[in-house]
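One structure is given here, and the rest of the page talks about it.
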Amino acid sequence: MTDRSPSSTAATHDIVIVGGGHNGLTAAAYLARAGKSVILLERLDEVGGAAVSAQAFAGVEARLSRYSYLVSLLPQRIIDDLGLDIRLARRRYSSYTPVPGDPDGAGLLIDNTDATATAASFARIGAADDADAFDGVYESTGELARALWPTVTEPLLTRTEARALVGDDELWQAMIERPIGEFIESRLQSDLVRGVVATDALIGTFASLGDPELAQNRCFLYHVIGQGTGEWDVPVGGMGAVTGELARVAREAGARIVTGAEVTRIDPDGTVEYQRNGHERRVVGRHVLANVAPGVLDRLLGETAEPAAPKAEGAQVKVNLLLKRLPRLRDEAIDPKAAFGGTFHINETYTQLEEAYSGMTRGVMPDLLPCEIYCHTLADPSILDPELAETGAQTITVFGLHTPDRWLTDENNDATRQRLQDAVLASLNSVLAEPVEDLLLTDADGNPCIETKTTRDLEQALNMPGGNIFHGPLSWPFAEDDDALDTPAERWGVSTRHPRILMCGSGARRGGAVSGLGGHNAAMAVLEG
C-alpha cells in the first residue's frame, strides 16, 4: 500500500461513503443536511443493499422484500430528523405456532388485541399455566427495552452505566450475564411456548440457547428492544420504500450517489480507489465511512485485523413464494389469515431448536427444519399489482434457522440450495392441509414462483461475508467499562484503527438489522469531531 500521510493528500470531499445500503444512505442524508460534501459509492446498480424491493419472478407484478423484510430497530428519531415519508403497518397477531405432530394440527395463536382468546389458545394446547408467565417474560423484556432503547442514538454507555440505568440486577443477570436459555426455562414450562420465545435469540445466529459465549443473548436483546416495545412492523411498499426514502432525502440534501462503482482499495489517509464503467477513479475524503462488513473493510485496507476478527457466518435460508391464495391449515379452528397474520412458527419448539443446532454442528439436517413465516401482503397488498391482488394472491417468506454457512461452498451452493428449499417446503407442509407447491403461481416462463437465498447467495450478491445478515457477531449496545471512549468515533461505537475511517454499517457497535443506527452514529461522530 502506498505510504501517504493525511496532510499530503488533498481531500476532494468532506465525506466518502463506501457502500449504499440503508446505513450508508442514512449517514449521507445526515451529513449532507449538515452542509458536508458527500459522495457515496455503491458497487451495485441500485442502492439499498439488503433492504430492497425487487420483481423476483419474470412477468409477475409483485415487488418482494427480497432479503430483509420487517422493521423494528429504525428509531423514530431518525425518521423525524430526516423527514422520511415511511409508513409501517402494525400486525394484529403476534404469532401462530402449530403443535408438532398434533393429530388435529392444534396450534397456539397469540392475538395482540384479544387477551381472552389468547388465554384460551394457551389452554387448548395444554399450556394454560404459561399464559400469564408468557406475558411476564415480555413485561421483563419491556423493562429492559424501555431503559436501553433511548440510548442507542446517544453516545455509548458503559456496562456499569447501562446496568444502573436498567435498575434491576436480577433482570440484568438473567438477560445479559447468563445464557438466555436459563431465563426461558425458568419462566416457562411448555416446550412449544419456550420455543416461541427462543426463536428471537436465533435469527441469523448459529448458537445453542445455553452457549456461554452469549451470542444468542445479544441476538435476543436486539429483537426485543425495538421502539421500546419489541414490535416488528411491515414496511408499506416493501423494504425498498425505506431505502428509497433515505436515498431521496440524501440526494435532495446534496449528497452525490454513484452506483456501479466498485471500491478496490481504501487508504488510511482517506484515499478511496474505485472502478466504474471500466475506468479507474479516485476520491479522497476527510473522513471515509465504511458501510461494509468489517472483514470487507480489512480486505480493502489490505490489512489483517489484530486480533483476528471472529469469522462472519450466517445461519439462515430464506425462501420467497408467491401463492394463488393462503394455504388451508390442518388446524381447522384457525383462520389462515390469522395464522399468517403474524409470525408463523413451524417446528420451532425449544427441543427442536436445540436438536437442530446440535445436529447441524455435525452436518446433519433435521427431518423437519425449524422455520418461521411472514406474509407481507396481508398487512400491505400494495406490493402486488392491483389486478393480481384482487385474485387473492399472497406472498409468503419462510426464514429457516440453523443452516450455517460452513456447509456451503461455491461449488455445492446450487445443490445445497435445492436441498434446503426441499427441507423448508417439507417442514411447511407438515402443518398444512394441502401441499404448498400446489398453490404456487407461475411466472412468464411457466416456472413456479419460488426463490431460495442461501448464505452463499447473500455473500455473492451483497458482499456479506459468510452470508451473515449482521455483518458479523452482534455487539452489546454498550461499551465495556475498560473500553477507550476518548474520541467521538469511540464514544459513538464506530471507530476503526484509523482516525479518518469510521464504520457506518451493521458491523458498527449497535449495528445489525434495518435500523440506520450505524449510519446515524457515524454521522454524529463526524459532526461531533
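The values are calculated or read from the model by the stated rules, or taken from the named source; none is laboratory data. For clarity, every value in this text was computed on a predicted model and none was experimentally measured. All Cβ positions, glycine included, derive from the backbone under ideal geometry; neighbour counts span all protein chains shown. All accessible areas refer to the heavy atoms of the entire protein, side chains included, with ligands and DNA or RNA removed. Shrake-Rupley method; radii C 1.70, N 1.55, O 1.52, S 1.80 Å.
Calculated on the alpha-carbon coordinates, the convex hull of segment 348-471 measures out at 149 cubic angstrom per residue. Ligands, DNA and RNA are left out, and with a 1.4 angstrom probe the accessible area of segment 271-409 is 41 Å² per residue.
For the chain, what is the percent of antiparallel DSSP beta bridges, rounded to the nearest 5? Antiparallel bridges make up about 70 percent of those DSSP assigns within the chain. Quick one: net charge of Trp232's neighbours, Cβ under 10 Å, K/R +1, D/E -1? Here the count lands on -1.
Exposed loop sites here are trypsin sites (Lys or Arg not before Pro) assigned a DSSP state other than H, G, I, E or B and surrounded by at most 15 other beta carbons within 10 Å; excluding them, the longest clear run of the chain is 93-310.
A helix-only calculation puts the chain at -9500 deg cm²/dmol for mean residue ellipticity at 222 nm, using -39500 (n - 2.57) for each DSSP H run of at least four residues, averaged over all residues. According to the Kirkwood relation over distinct C-alpha pairs, the hydrodynamic radius of segment 224-363 is 20.9 Å. For segment 366-430, the Kirkwood hydrodynamic radius comes to 13.8 Å, computed from all pairs of different C-alpha atoms.
Distance between the C-alpha centres of segment 504-521 and segment 235-299: 15 Å, rounded to the whole angstrom. Dipole magnitude for segment 1-155: computed about the Cα centre from +1 point charges on Lys and Arg Cβ and -1 point charges on Asp and Glu Cβ, it is near 680 debye.
Residues with beta-carbon under 13 Å from that of Gly142, excluding Gly142: net charge, scoring Lys, Arg +1 and Asp, Glu -1? After counting each charged neighbour, the total is -4. Size descriptors for the chain (Cα atoms only): Rg and Dmax, in that order, 22.8, 74 Å. Full extension of the chain between Asp445 and Glu355 gives 28.4 nm of extra length, using 0.36 nm per residue less the Cα-Cα distance.
Distance between the pseudo-spin-label points of Asp114 and Lys311 (7 Å out from Cα toward the beta carbon): 4.9 nm. Using only alpha-carbon positions in segment 188-275, the gyration tensor eigenvalues give semi-axes of 38, 21, 11 Å once each is multiplied by 5 and square-rooted (largest first). In this label model, Gln189 and Asp422 are separated by 4.2 nm, measuring between points 7 Å along each Cα→Cβ vector. The loop-placed chymotrypsin sites (Phe, Trp or Tyr not before Pro) in segment 94-144, going by DSSP, include none that has at most 11 neighbouring Cβ atoms within 10 Å of its Cβ. Using a Debye calculation, one point per C-alpha and no hydration shell, please list log10 I(q)/I(0) for segment 1-112 at q = 0.21 Å⁻¹ in order. The Debye formula, applied to the Cα set alone, gives -1.23.
Computed over protein heavy atoms with a 1.4 Å probe, the carbon and sulfur contribution to the accessible area of the chain reaches 46%.
For segment 425-529, the solvent-accessible area works out to 34 Å² per residue, with a probe of 1.4 Å and every protein chain left in place. One chain, two ends: Gln55 and Glu332. Fully extended at 0.36 nm per residue, the span grows by 96.4 nm beyond their Cα-Cα distance. Loop-located GluC sites (Glu not before Pro) in segment 1-90 (DSSP state not H, G, I, E or B) with no more than 14 neighbouring Cβ atoms inside 10 Å: Glu61. In this structure the amide hydrogen of Ser53, modeled in the peptide plane, comes within under 5 Å of the amide hydrogens of Gly240, none closer than 5 places in sequence on its chain.
Annotation: Cα Rg of segment 119-204 relative to the compact-globule expectation 2.2 N^0.38 Å equals 1.24. Counting pairs of Cα atoms in segment 302-397, how many percent are more than 15 Å apart? Above the 15 Å cut-off, segment 302-397 has 71 percent of its Cα pairs. Run the Debye formula on the Cα coordinates of segment 342-402, all scatterers equal and no solvent, and tell me log10 I(q)/I(0) at q = 0.15, 0.27, 0.29 1/Å. Each listed q maps to, in turn, -0.56, -1.03, -1.12. Counting only protein heavy atoms and a 1.4 Å probe, segment 1-132 has 42 square angstrom of accessible area per residue. Of the GluC sites (Glu not before Pro) in segment 320-398, the ones in a loop by DSSP (not H, G, I, E or B) with at most 16 other beta carbons within 10 Å are Glu332.
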